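Heads up, the thing below is written out as structure tokens.
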Amino acid sequence: MLTFKNNTLRRWVQMLGACVLVATLSACGGGGDDVPGGGGGGGGGTTTITPPATNPSSGFTQPGNLNYLVTAADGSTRTVAATVAYSTPKGTLTLGAGTTDSLTVTTADAWANVTWPVGVSGALRADGNAVFVCEGAVGAVGMSDNMTPVTDLTVLHGLSFQSIGCSDAGPDTSSAVITFNADGSATSDAGTSFAETISAADITPLFSPAGRTDYDGSNYKLQVYAYTAGGVTQYHIVEIGDDAMTGDSARIKYVGLFSAPDRR
């Protein structure tokens, strides 16, 4: 397996700490009975989202119900129900609605700014249909039933993405911007002295169900999701990583979200 100069692949996301509970979104373990709704790895076009039974919402500006497919740091997935209450400019998005460990984010200015519960922080993208939650340096990502899994990677050609990961201070978008090229390759840090292009042969396995396994046993999986509103489609990418951290005794498992720079 090829290795990359400047360790490009590992700079795509933030390295996270040991798995801990992230409010109602995340759970430790291998996705068995300990994880409500079952488990299993995400990525590679194999994930599904169960639509809400009644009163569906299109996002955080329309009252109603949403279901999110939530991926935890260990790669396990489950469905989490949510409710949206909104009367411009005030609104709430409650994840895990009706449970004792629900998580509610609020806005008083039409979602220009969001208030998170104490000890939790995060980021909302795709009109609230993509949710990234951090508790300390551990994250979980949720994709609503309005997001469509995509397997045709040509939709990424010409698009740039910036990862959102977790740090001790909360969501972090300081990593490199990745641009997908027409030949299937991807370039990081374009226009800088650190620019590097990763070949299509190394990019393609990342989006497969098995992901891409590096020389040291590290594994990375990416899944593309599409969101369409007002006739415009945007794309977001979930990454599941299991990093062997060569030279260190610890293995780091994490989840990250890629969105276009500055995209809500």
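Here are the numbers:
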{"item": "Given (1) under 16 Å from A260 (Cα atoms); (2) in a strand (DSSP E or B); (3) modelled with pLDDT of 90 or more, number of the condition D127 does not satisfy", "result": "(2)"}
{"item": "Residues (surrounded by 17 or more Cβ atoms within 10 Å (Cβ to Cβ) and either modelled with pLDDT of 90 or more or in a strand (DSSP E or B) (or both)) located in the stretch 206-221", "result": "L206, F207, G211, R212, N219, Y220, K221"}
{"item": "Hey, V150 crowded, with 17+ Cβ neighbours inside 10 Å, more than 16 Å from the chain's Cα centre (by Cα) and not small (G, A, S) or not", "result": "no"}
{"item": "Residue list for the stretch 222-241, filter: touching an Asp or Glu at 6+ places or on another chain (Cβ under 7 Å) and crowded, with 21+ Cβ neighbours inside 10 Å", "result": "L222"}
{"item": "Residue identified as touching a strand residue (DSSP E or B) at 6+ places or on another chain (Cβ under 6 Å) and assigned to a helix (DSSP H, G or I) among I203, I178, I164", "result": "I203"}
{"item": "One residue from T213, T233 being over 23 Å from G165 (Cβ atoms) and not acidic (D, E)", "result": "T233"}
{"item": "Meets criteria (buried (at least 21 other Cβ atoms within 10 Å of the Cβ) and not aromatic (F, W, Y)) for S163", "result": "yes"}
{"item": "Residue count for the stretch 236-259, restricted to those that are at pLDDT 85 or above and of a type in the set (A, V, I, L, M)", "result": "5"}
{"item": "Filter result (touching a helix residue (DSSP H, G or I) at 6+ places or on another chain (Cβ under 7 Å) and farther than 28 Å from G128 by Cα) within the stretch 215-244", "result": "D243"}
{"item": "Residue check for S121: over 24 Å from A169 (Cβ atoms) and of a type outside the set (F, W, Y)", "result": "no"}
{"item": "Residue in the stretch 87-105 that is buried (at least 20 other Cβ atoms within 10 Å of the Cβ), in contact with a Lys or Arg (Cβ under 7 Å, 6 or more places away or on another chain) and under 19 Å from A169 (Cα atoms) present", "result": "no"}
{"item": "Residues (in contact with a Gly (Cβ under 6 Å, 6 or more places away or on another chain) and of a type in the set (A, V, I, L, M)) located in the stretch 223-246", "result": "I240, A244"}
{"item": "Of the criteria (1) surrounded by fewer than 17 Cβ atoms within 10 Å (Cβ to Cβ); (2) aliphatic (A, V, I, L, M); (3) part of a strand (DSSP E or B), which one M143 fails", "result": "(1)"}
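The values are calculated or read from the model by the stated rules, or taken from the named source; none is laboratory data. Note that this is a predicted model, so its numbers are computed, not measured. Positions of Cβ are backbone-derived with ideal geometry, glycine not excepted, and every protein chain shown enters the neighbour counts.
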